[in-house]
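Presented below is the structure to which this report refers.
The values are calculated or read from the model by the stated rules, or taken from the named source; none is laboratory data. None of these values were measured; they are calculated from a predicted model. Using ideal geometry, Cβ is built from the backbone for each residue, glycine included, and neighbour counts are taken over all protein chains shown. Ligands, DNA and RNA are excluded from the accessible area calculation, which covers all protein heavy atoms including side chains. Shrake-Rupley method; radii C 1.70, N 1.55, O 1.52, S 1.80 Å.
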Amino acid sequence: MTWLALSIFAQSGKIEGRIFDASNNEPIPFANIVIWGTQVGSTSDLDGNFSFTGLEPGYVRLAATAVGYKKYISEDVLVTNAKSVYLELPMEEQTVQLETVEIRASPFRRMKESPVSMRSLDISEIEKNPGGNRDISKVIQSLPGVSSTVSFRNDVIVRGGGASENTFYLDDIEIPNLNHFSTQGASGGPVGIINVDFIREVDFYSGAFPASRGDALSSVIEFKQIEPNRENWNFKAAVGASDLALTANGPVSEKSGLIFSARRSYLGFLFDVLGLPFLPTYNDAQFKYKHRFDKKNELTIIGLGAIDQFELNTGLEDPDDDQRFILGYLPVNEQWSYTIGARYRHFRDKGYDTWVISRNYLDNRSYKYENNVEIDSMKTFDYKSAEAENKVRYEHVNRLNSWRINYGAGLEYATYSNDTYQQVFIRDSLREINYNSDLEVANWNAFGQVSKGFFQDQLTLSLGIRMDASSYSKEMSNMFEQFSPRFSASYMLTENWFLNFNTGIYYQRPPYTTLGFRNNDGVLVNKANGLKYIESDHVVAGLEFLPDENSRITVEGFYKYYRDYPFSVDDSVAIASKGGDFGTFGDEEVISKSNGRAYGFEVLARDKNLKGFNIILSYTFVRSEFEDKNDEFIPSRWDNKHILNLTVLKSLPRNWDVGAKWRFVGGTPYTPYDIATSEKRPAWDARGRAYLDYDRYNILRLGNFHQLDIRVDKQYFFDKWSLNLYLDIQNLYNFKADEQDNLTNLDENGNPVIINPDDPYSQQLYELRRIQSESGTVLPTVGVIVEF
């Protein structure tokens, strides 16, 4: 018992690191580094190296100061007895000496290019986020302006924009697929791919995108990974809500290190035990390798891959109405995907060059048989698609006194294939979609941005331009047609008050599913229809208040106007409201004619130490509307109006942590069913579910959604290893979310009911029955994390 007490409370945590000039990677000697909020300090040597030993385990930040440089405060890092933490601290030169107003150092990042609409989350806020279950995709949904879907997917819906309007980067390398079982053409899915053990910080841009980041209309999300351990190998094993994970981190040589992880889910087994009608299983692997040739040259290689398998649980005994309904329409889906990329960085005297080369691939297959009888004559849907992108990007960053200059260019070569067979009921007739498509496309871009501080850095301005083009068609091949300027300004009213502004024009290429769609004659109909890049014009203005070094309050108003959004020819609606469901997005005939708008305001209050509590409170008012076939604005699917998130975290004595998150999302618009079409037997047999009445698009609205999640952690720190036990409970008070009722053609015994069985098949009608639908249950999870 004495050994246990001594082991648990032993203070042998260690931090090693390097402090350097952010512009040229030169070491900064004799810098002062302290554990933020304490008197524990260290000093860097001639090579910029520093170390702390004998630290108490737990989350800490480092604060660094050096003559001629701006004070730097790091993100949170977790100190344990099981490993040495390696941390790099980049510092920026202080180019002016302020006489009247002092800029206060803050852990909240402020960027000249993006003074508004940029938020950061560190690992302590991600790892122990209540309801997040160590899934970064879920944690992002608690940020201001981000709506969560009641269907419990990980779609990123930002400021009323669609699920396909976001771009993701992992250590500067673009990753198109963020989730398992992702919606091809968009990005959502039920479970995130990225292993949180790799992440040290996430930067989330809901506007004011840097010029180097393109192909986004609503958000850019940058995931920054930890550095490999340089001292010895350590391992982390985790059992969570849905998977088992093992992560290894350690040196490969004196100049290089590697982090590797593998995860396997047990959802298929769990769902089978619970009697659910579908059985998903996912596997993923992730790695990061970094080699530092010398202080001027370094190479980072990352990889991320997933295999997703899915089958229907047709062996259920005595299924209920909901289970029969899901089995009746849900197709089997299998995916595998990967991204692999390399970033080479060369530092110069006042800047650096970055070369990025990457390849990503997605293979997506799905099929459905009527009544799940797998014979060819019963097949109603068969989809096989693959898309691959090969990318290279050059970027140069230069700092000249108070000027920051960034420019570069990128080139992509993409291939897309699609083999589709589908029975559809359109314009009162049963038809077959049957085509093969192979597409090769080259995309290219150029960008530049200049930022500078004026009046002793009280005013900062940034001007950027970007141009994108594609070889897909003449409408997309002229870069000047996609000329994308952006301008940011920030004025420091006092030492803790800032007035911020940004405006910009952003473009996004439609998804490959839309580019490669063909009719049965093999014609690229969307190319023939003059498909264009989608345009979104942003204006954002805000006020920022920093009461002290732990807290931040921002108020921002935003307005987005969309042009040339793809408009569905068959459904006569903008496809912006689609993409939030499983399957595919954009594989249909469209024309570039729809306009849209999203507008509102956000309030964010953050305090990292309000009497010991870490608090994040955000409220968003948002309206999202797109033009219908009569060119009148109607609510989109993402017109939630009100979004409120409150997250409270608290560290207690003896290594206990508790947290709670409450979120409120306003009711989502939805479309009533077209009963006259749905009851027709050929129409129902082709789809297995009801059809929407697009003439009454989004005229109804679901009830409001709210949920309380809590989490309790207990950590044990032993001499050579640590143990973290946690209990996470989602939807603590068992709120039942309002959902649109389903229709079924089956009676209570599972038999189809035909009103007029003696008539010809083409004239027969099903008797449809309504199934009340709601979602939500208390979902407890017990997790175990062992590090050694």
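Structure notes:
- Geometric extent, Cα atoms of region 389-462 - Rg, Dmax (angstrom): 24.0, 70
- Computed E for Val603/Val40 - FRET, C-beta separation, R0 30 angstrom, nearest 0.05: 0.25
- For region 591-657, the Kirkwood radius over C-alpha pairs fed into Stokes-Einstein at 25 °C and 0.890 mPa s yields D = 165 µm² per second.
- Of the residues Asn704, Leu524, Asn550, the one whose Cα sits farthest towards the positive end of the charge dipole of the chain is Asn550 (charges of +1 on Lys and Arg Cβ, -1 on Asp and Glu Cβ, taken about the Cα centre).
- When only the Cβ of Lys, Arg, Asp and Glu is charged (+1, +1, -1, -1), the dipole of region 385-424 relative to its Cα centre reaches about 420 debye.
- Environment charge at Val665 (Cβ cut-off 15 Å; Lys +1, Arg +1, Asp -1, Glu -1): +4
- Ser417 accessible area, 1.4 Å probe, all protein chains in place, Å² to nearest 10: 40
- Projecting label points 7 angstrom from Cα along Cα→Cβ for Asn434 and Arg696 puts them 3.6 nm apart.
- Local charge for Arg153 was computed over the other residues whose Cβ lies under 12 Å away, with Lys and Arg +1 and Asp and Glu -1, and equals -2.
- Reciprocal of mean inverse Cα separation for region 181-278 (Kirkwood radius, Å): 16.7
- For region 13-86, average projected area of the Cα convex hull in nm²: 4.7
- Note on Gln740 and Glu26: their simple-model spin labels are 6.3 nm apart, each label 7 Å out from Cα toward Cβ.
- In loop segments of region 210-283 as defined by DSSP, the GluC sites (Glu not before Pro) with at most 16 further C-beta atoms inside 10 Å of their C-beta are Glu231, Glu254.
- Potential lengthening of the chain between Ile405 and Arg689 amounts to 96.7 nm, from the contour at 0.36 nm per residue minus the alpha-carbon distance.
- Computed from the alpha carbon atoms alone, the convex hull of region 531-614 holds 136 Å³ per residue.
- Rg [Å, one decimal], Dmax [Å, integer] - region 651-739, C-alpha atoms: 23.2, 70
- Working note: Karplus 6.51/-1.76/1.60 with θ = phi - 60° gives region 624-636 the couplings 10, 9, 9, 6, 8, 5, 9, 6, 10, 6, 10, x, 7 Hz, where Gly and Pro are set to x.
- Of all beta bridges that DSSP places with both ends in the chain, some 95 percent have antiparallel geometry.
- Three semi-axes of the equivalent ellipsoid, region 263-308, Cα gyration tensor, whole Å, largest first: 41, 7, 5
- Per principal axis, descending, Cα span of the chain in whole Å: 92, 69, 45
- Accessible area of region 651-788 belonging to carbon and sulfur atoms, whole % at 1.4 Å probe: 53
- Toward the positive end of the charge dipole of the chain, with +1 on the Cβ of Lys and Arg and -1 on the Cβ of Asp and Glu, the farthest Cα among Ala241, Ser594, Gly257 is that of Gly257.
- Table column - 3J(HN,Hα) (Hz), region 347-352, Karplus curve with 6.51, -1.76, 1.60, x for Gly and Pro: 8, 10, 5, 10, x, 7
- Residues listed by number, region 668-695, amide nitrogen under 20 Å from Phe621 label point at 7 Å toward C-beta: 668-669
- Taken along the Cα-to-beta-carbon direction at a fixed 7 Å, the label points for Asn519 and Asp320 span 4.7 nm.
- Proximal lysines relative to Lys138, as straight alpha-carbon distance under 24 Å, when same-chain residues fewer than 8 apart are discounted: Lys128, Lys224, Lys236, Lys288, Lys578, Lys608, Lys641, Lys650, Lys661, Lys714, Lys736
- Total charge dipole magnitude, the chain, about the Cα centre, Cβ charges on Lys, Arg, Asp, Glu only, Debye to nearest 20: 2420
- In range of the label at Arg110: residues from region 541-561 whose backbone nitrogen is under 18 Å from the point 7 Å along Cα→Cβ: 541-557
- In a fully extended conformation the segment linking Tyr266 and Tyr761 would gain 173.9 nm over its present Cα-Cα distance, using 0.36 nm per residue.
- Region 683-788, Rg to Rh (Cα coordinates; Rh as Kirkwood inverse mean 1/r): 1.28
- The alpha-carbon atoms of region 325-369 define a convex hull whose volume equals 75 cubic angstrom per residue.
- Taking amide H atoms as placed 1.01 Å from N in the peptide plane, the amide H of Ile175 lies under 5 Å from those of Phe168, Tyr169, Leu170, each 5 or more residues away in sequence or on another chain.
- Fraction of alpha-carbon pairs over 13 Å apart in region 743-788 - percent: 71
- Look at the Cα gyration tensor of region 257-406: its axes a ≥ b ≥ c give a/c of at least 1.5 with a/b over b/c, and that counts as prolate.
- Descending semi-axes in whole angstrom, ellipsoid equivalent of region 286-350, from the Cα gyration tensor: 51, 10, 8
- Accessible carbon and sulfur surface of region 512-648 relative to its total accessible area, %, 1.4 Å: 53
- Charge tally in the Cβ shell below 12 Å around Lys368, where Lys, Arg are +1 and Asp, Glu are -1, Lys368 excluded: 0
- FRET efficiency, 1/(1 + (r/R0)^6) with R0 51 Å, evaluated for Ile553 and His396 via beta carbons: 0.90
- Unit charges at the beta carbon, dipole of the chain: most positive-side option, Leu279, Pro107, Ile575: Pro107
- Couplings 3J(HN,Hα) for region 501-508, derived from phi with the Karplus relation 6.51 cos²θ - 1.76 cosθ + 1.60 (θ = phi - 60°), are 8, 8, 9, x, 10, 10, 10, 9 Hz, where x marks Gly and Pro.
- Cα Rg, Dmax (largest Cα-Cα span) when computed across region 580-708, Å: 21.1, 65
- Loop trypsin sites (Lys or Arg not before Pro), region 415-489, which have at most 14 other Cβ atoms in a 10 Å radius of their Cβ (DSSP): Arg427, Lys474
- Extended-chain gain in nm, criterion 0.36 nm per residue less alpha-carbon gap, Lys384 and Leu652: 91.3 nm
- Only the Cβ atoms of Lys and Arg (+1) and of Asp and Glu (-1) were treated as charged; on that basis the dipole of region 461-584 about its Cα centre amounts to roughly 480 debye.
- Given R0 = 45 Å, the distance between the Cβ atoms of Leu610 and Asp581 translates into a calculated FRET efficiency of 0.70.
- Across the chain, the relative contact order, built from alpha-carbon pairs under 8 Å that are at least six residues apart, equals 11 percent.
- P(r) tail fraction, region 445-499 - alpha-carbon pairs more than 14 Å apart, %: 62
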